[in-house]
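See below for the structure under consideration.
Computed from the coordinates by the stated procedures, all read-outs in this text should not be read as laboratory data. All of these numbers come straight from a predicted model, not from anything done at the bench. A quick note on method: Cβ atoms are made from the backbone with ideal geometry, for glycine too, and the neighbour counts reach across all protein chains shown.
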Amino acid sequence: MRRRLPALVLIAAIAGVAACSSGGSEDPTTGTGATGDPVAECAPGELTTLADGVLTVGTSVPYEPWYVGEDPTTGEGFESALVYAVAEQLGYAEDQVTWETVTFEQIIAPSIKPFDFAAYQTTITPERAEVVDFSSPYLDTLQGLVVQEAGPYGSATTLAELEGARVGVTAGQTSMPIAEAAWGDAVELVPFDDAGLAMQAMTNDQVDAVVMDVNQAVSASTVYFPDSAVIGTLPEVGETAQIGFVLDIDSALTDCVSAAVDALHEDGTIAELSTQWLRTDGIPALS
C-alpha cells in the first residue's frame, strides 16, 4: 500500500540517502580491523562489545526501504532485517541487540562511537576508511532514473529519449558525474542540495527526471512520491559504489562483522533480503 509522509519527513529521508551515498568506492576487502585473524576472536556471543552480552547498533532517522516505520527494532526493512541476521551470525539473539540513535555525522566522524557497528547506508570510500572501519560491503548501489509516471518520459526505455530534458541531480554526489557521463550535453542537469528537493521539484514540474540511488528511488516512487516511477539505472562510471557497516577505527569487531556479512552473502540471505525489501530486481539498465 502506498502512503504519503509529511514533506519534512520525506525530505529528511531522501536527503539522508543522498548524504550517505557520496563519494566513490573501494576494494570490497577493505573492511579490515586490528585483529588480523578474521575468525580467531569471533566466539559466538562473546565478542568484546560496548556492553557485555549486548550488541549495540547505531542508526539514524529510519526510513524505507532500509527500515519500516520509525522503529528500527522490528526486523522490517533491509537494514533492520540484515542487522538481526548479522547478530545471529555473531551469536546474539534478538533481545541481545539494542539500538542507538545517532546522526550520520557521528557515524563517519573520527571519534569513539556509541555503538558496536552502525547500519545506515554508508558508502565505503577511501577518505572515510581513513577514520573509521568498514565491514565487508553488503550492497552495491547504482543510480536510478525517476520520472513522472504519466509524464512525457514515463515510457522512455533509452537514455536518448531523455534528450532535451531537465534532470535533477544531487550536487557533489555520485549522481552528478554518472549523469554527466550518461548524457553529456544532451540534457540539462539541474543540481539540488539533496535528492528529496529534486523529487519535490519534479512534482512541481521544475525538472523532468531525477537521478538518485536506485534502492532509495524505488521507495521514493512507491512510498513518498507515488506518481513517479523508476524507469532504469544509468551506466556506471568507474567502480560500483558499495555500502558497508561502520565501526570504530581498528575495532576488534570489524573482522567478525565482515565474516558475518560474507557468510550471509554466501548462503544467499542478503540476496533474499534485497529482493524482499529493496525490490530493485528487474529494473533495466538504460543505454
Taking only Cα atoms and a 10 Å spring cutoff, compute GNM fluctuations for the chain and point out the largest among Ser219, Ser60, Ser111.
-> Ser111
Report the one residue of Gly69, Pro235, Tyr138 whose Cα lies farthest in the direction of the positive end of the charge dipole of the chain (charges on C-beta: Lys and Arg +1, Asp and Glu -1; origin at the Cα centre).
-> Gly69
Using the alpha-carbon atoms, what tilt in degrees (0 to 90, nearest 10) does helix 7-20 show relative to the longest principal axis of the chain?
-> 70 degrees
Estimated FRET transfer efficiency (Glu41, Asp267; beta-carbon r; R0 30 Å; 0.05) = 0.85
Pick out which of Ala241, Ala260, Ala43 has the largest mean-square fluctuation in a Gaussian network model of the chain, springs linking Cα atoms closer than 10 Å.
-> Ala43
Val97 long-range amide H proximity, modeled H, under 5 Å = Leu55
Using alpha carbon centroids, what distance separates region 246-261 and region 38-111, in Å?
-> 12 Å
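With a Förster radius of 25 Å, plug the Cβ-Cβ distance of Ala93 and Arg279 into 1/(1 + (r/R0)^6) and report the FRET value to the nearest 0.05. It would help to have the intermediate numbers written out before the result.
On the way: r = 29 Å, r/R0 = 1.15.
Computed FRET efficiency for Ala93 and Arg279: 0.30.
Relative contact order of region 87-178: what whole-number percent is it, with Cα pairs under 8 angstrom and at least 6 residues apart? Before the final figure, lay out each step's value.
On the way: 31 pairs, mean separation 13.2, N = 92.
Across region 87-178, relative contact order equals 14 percent.
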The chain: angle of helix 254-266 to the longest principal axis, Cα-based, in degrees nearest 10 = 60 degrees
Give the residue from Thr103, Ala81, Ile124 lying farthest towards the positive end of the charge dipole for region 78-130; charges sit on Cβ (+1 for Lys and Arg, -1 for Asp and Glu) and the dipole is referred to the Cα centre.
-> Ile124
HN-Hα couplings for region 219-236 via Karplus (6.51, -1.76, 1.60; θ = phi - 60°), in whole Hz with x for Gly/Pro, come out as 5, 4, 7, 10, 10, 8, 10, x, 8, 10, 8, 8, 9, x, 10, 8, x, 6
From phi via Karplus (6.51, -1.76, 1.60), per-residue ³J(HN,Hα) for region 78-92 in Hz, x at Gly/Pro | 4, 6, 4, 5, 5, 4, 5, 5, 5, 4, 4, 4, 8, x, 10
Segment Asp71-Ala109, extension gain: residue separation times 0.36 nm, minus the distance between their alpha carbons = 11.3 nm
Spelling it out for Gly244: with amide H atoms placed in the peptide plane at 1.01 Å from N, the residues 5 or more places away or on another chain with amide H under 5 Å from its amide H are Thr122, Ile124, Tyr138
Long-range amide H partners of Val187, meaning residues 5 or more apart or on another chain whose placed amide H is closer than 5 Å, are Gly164
Out of Pro44, Pro235, Pro137, any idea which swings most in a Gaussian network model of the chain, alpha carbons joined below 10 Å?
-> Pro44
J(HN,Hα) series, region 44-57, from Karplus relation 6.51 cos²θ - 1.76 cosθ + 1.60, nearest Hz, glycine and proline x | x, x, 10, 6, 7, 9, 4, 10, 4, x, 10, 9, 9, 10
Evaluate the charge dipole of the chain about its Cα centre and quote only its size in Debye, nearest 20, assuming +1 on the Cβ of each Lys and Arg and -1 on the Cβ of each Asp and Glu.
-> 900 debye
What is the calculated FRET efficiency for Glu130 to Glu188, with r their C-beta to C-beta distance and R₀ = 41 Å, to the nearest 0.05?
-> 0.70
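Using the Cα centre as the reference, give the magnitude of the dipole from point charges on the C-beta atoms of region 161-287 (Lys, Arg: +1; Asp, Glu: -1; all else neutral), rounded to the nearest 20 debye. Spell out each step's value before the answer.
On the way: 2 positive and 21 negative charges, 67 e Å.
Rounded to the nearest 20 debye, it is 320 debye.
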Could you give the nm distance between label points at Ala171 and Glu100, where each point is 7 Å from its Cα heading toward the beta carbon?
-> 3.5 nm
